[in-house]
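Working notes, beginning with the structure itself.
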Amino acid sequence: MNYEMVIGLEVHVQLKTQSKIFCSCSTTFGKPANENTCPVCLGMPGVLPVLNKEALQLAMKACLSTNCRITPMNRFARKNYFYPDLPKGYQISQFELPLGVGGYINIQTNGVKKKIGLTRIHMEEDAGKLIHGENLDSPDKSYVDFNRTGVPLVEIVSEPELRSGEEAREYLTQLKSILDYAEISDCNMEEGSLRCDANVSVRPEGQKEFGTRTETKNLNSFRFVQRAIEYEVDRQIKVLEQGDSIIQETRLYDSSKGVTFAMRSKEEAHDYRYFPEPDLVPIEISDKWIEETMDQLPELPEQKRERFIQSYKIPEYDAGVLTTSREIADYYEKSASLHPNPKLISNWIMGELLRELKNDGQKINASPIKPERLVSLLKLIEDGTLSAKMAKIVFEEMYRSSKSAIEIVTKKGLAQITDSSAIENLVDEVLQLNTGQVEQYRNGKEKVFGFLVGQIMKKSKGQADPTLVNKLLKDRIN
């Protein structure tokens with residue numbers, strides 16, 4: 001039997017504010033445990049929450065950037081459950097009246113474009129963090145750090161319209177890019193600013209009803225999201241093929257083993273007993289405020305991609321890579337403004353530059369090669385000073401030493417040899433040393449020509465102009 005996978009994602013995004021959602025405590029990451037706390041976020045008796053307007057503004061931007069409709073009247077609710085890192089015994093969230101509904105995100109996989117619907121975007125506060133003894137000096141104890149308690153979040157819930165792990169990864173890539181462009185969040189997955197829960201089920205192809213789903217929680221990389229989904233789909237299919245039933249449960253992903261495992265069954269999950277938060281008034285959002293927020297949005301990734309294709313005449317693939325982040329797009333535009341060869345610039349950024357940055361784990365803003373220096377290298381290729389092969393060697397030296405291209409070329413004598421008489425001498429030398437191969441070429445063995453070219457390039461240490469080498473070699477042999 002063939003099966004279809006059904007995937008919906010719940011993404012928790014930390015909003016880029018300096019203070020928490022209901023108090024003035026700092027949201028700075030990495031502070032000593034329990035330093036960023038106060039009576040409000042610790043849930044002390046008699047305290048009252050006050051909504052952070054900047055958090056609401058950023059949440060509205062998240063809604064408008066993902067094509068959601070902002071509900072003019074929404075309110076907070078208490079989500080009741082008991083866990084050691086939840087000091088109040090409840091979480092302030094939104095339930096029946098969320099901030100945004102009915103949005104969508106466009107994705108593209110294997111050349112196929114698809115619109116993924118968003119069920120809702122709602123605001124909530126984060127919980128704290130449990131630190132277990134194996135990380136400390138007491139292996140039999142657990143500790144609670146409340147620094148994250150009250151950090152402002154939006155939860156972005158997709159419709160169950162994703163049909164593969166690859167689609168899920170692409171959806172997250174596009175969502176992260178939107179949040180980055182609009183400066184809604186820093187989306188730092190290592191620090192927990194962006195976390196994903198994946199709801200996965202399978203059903204026989206053609207069946208309309210959904211199968212029983214599992215939820216894999218707290219996935220903190222796009223690669224892990226894809227792998228966890230693919231593993232979970234295979235696991236569920238095997239269970240069904242054996243004649244057993246899928247258990248509705250919460251699972252976790254072990255990235256070292258590449259498997260998911262049960263955390264708790266949904267039958268044991270708490271009844272959250274939502275009810276309206278009595279200490280916060282409903283939020284009324286006017287059309288004027290929505291329009292003002294819309295005007296604050298920058299050019300978003302999808303709009304920028306289309307503009308790059310039209311303005312720079314580069315392929316759709318190139319435009320997609322170059323607009324992955326605002327910083328990469330800005331770097332490309334700066335380079336293109338300095339040199340009118342947008343495709344050549346695109347090739348070098350996507351190839352050499354992004355590869356080096358990935359190897360070093362750096363973002364493009366930390367690149368030692370700024371747009372001006374990249375363009376100066378490309379000009380040396382175009383005017384014939386450097387071959388493409390030698391330019392890559394110079395680029396690597398530029399990246400490691402932060403020196404300019406012309407400094408490296410001058411110091412190491414790497415300029416391309418374009419003097420015909422010098423190349424003719426090299427050709428004659430190679431022909432004299434390889435008379436047998438020359439005879440083979442004359443007898444119709446054309447592959448030998450490439451060998452002879454290689455010998456000339458070797459003698460020139462890769463600096464001879466390849467086009468001139470080919471022409472002069474042919475002339476000599478003929």
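FYI, it's all coordinate maths here, none of it is from the lab. Bear in mind that the values here come from a model prediction, so they are computed numbers and not experimental data. When we count neighbours, we look across all protein chains shown, and the Cβ atoms used for this are built from the backbone with ideal geometry, even at glycine.
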- Query: Could you give the nm distance between label points at residue 114 and residue 35, where each point is 7 Å from its Cα heading toward the beta carbon?
  - Reply: 4.5 nm
- One finds the C-alpha centres of the stretch 178-218 and the stretch 2-33 to be spaced, in Å, by 13 Å
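So, with +1 on the Cβ of K and R and -1 on the Cβ of D and E, and no other charges, what is the size of the charge dipole of the chain about its Cα centre, to the nearest 20 debye? Can you show the working numbers first?
Working: 63 positive and 70 negative charges, 255 e Å.
Approximately 1220 debye in magnitude.
For the stretch 212-310, which trypsin sites (Lys or Arg not before Pro) are in a loop by DSSP, counting at most 13 other Cβ atoms within 10 Å?
Numbers: sites: 213, 217, 223, 227, 235, 238, 251, 257, 264, 266, 273, 288, 304, 305, 307; in loops: 213, 257, 273.
The qualifying sites are 257, 273.
Within the stretch 25-107, report the GluC sites (Glu not before Pro) that DSSP leaves as loop and that have at most 10 other Cβ atoms within 10 Å.
Values: sites: 35, 54, 96; in loops: 35, 96.
Listed in order of number, the matching sites are 96.
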- Message: If I model a spin label as a point 7 Å beyond the Cα along the Cα-Cβ vector, how far apart are those points for residue 459 and residue 264 in nm?
- Response: 7.8 nm
- Message: Can you pull out the chymotrypsin sites (Phe, Trp or Tyr not before Pro) in the stretch 13-115 whose DSSP state is coil and whose Cβ has at most 13 other Cβ atoms within 10 Å?
- Response: 82
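Round to the nearest 0.05 the FRET efficiency obtained for residue 307 and residue 166 when R0 = 22 Å and r is the Cβ-Cβ distance. Each step should come with its number before you reach the end.
On the way: r = 27 Å, r/R0 = 1.21.
Once the sixth-power term is evaluated, E becomes 0.25.
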- Task: For residue 379 and residue 366, compute 0.36 nm times the residue count separating them, minus their Cα-Cα distance, and round to one decimal in nm.
- Result: 2.4 nm
- Could you give the length gained on full extension between residue 173 and residue 247, defined as 0.36 nm per residue of separation minus the Cα-Cα distance, in nm? 23.6 nm
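If we count other beta carbons within 10 Å of each Cβ, what is the order of 189, 73, fewest first? Each step should come with its number before you reach the end.
On the way: 189 17, 73 9.
Result, fewest neighbours first: 73, 189.
Using R₀ = 56 Å, calculate the FRET efficiency as 1/(1 + (r/R₀)^6) where r is the Cβ-Cβ separation of residue 392 and residue 208; round to 0.05. Before the final figure, lay out the partial values.
On the way: r = 54 Å, r/R0 = 0.97.
E between residue 392 and residue 208, to the nearest 0.05, is 0.55.
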- Item | Cβ-Cβ FRET estimate between residue 443 and residue 355, R0 fixed at 60 Å, reported to 0.05 | 0.90
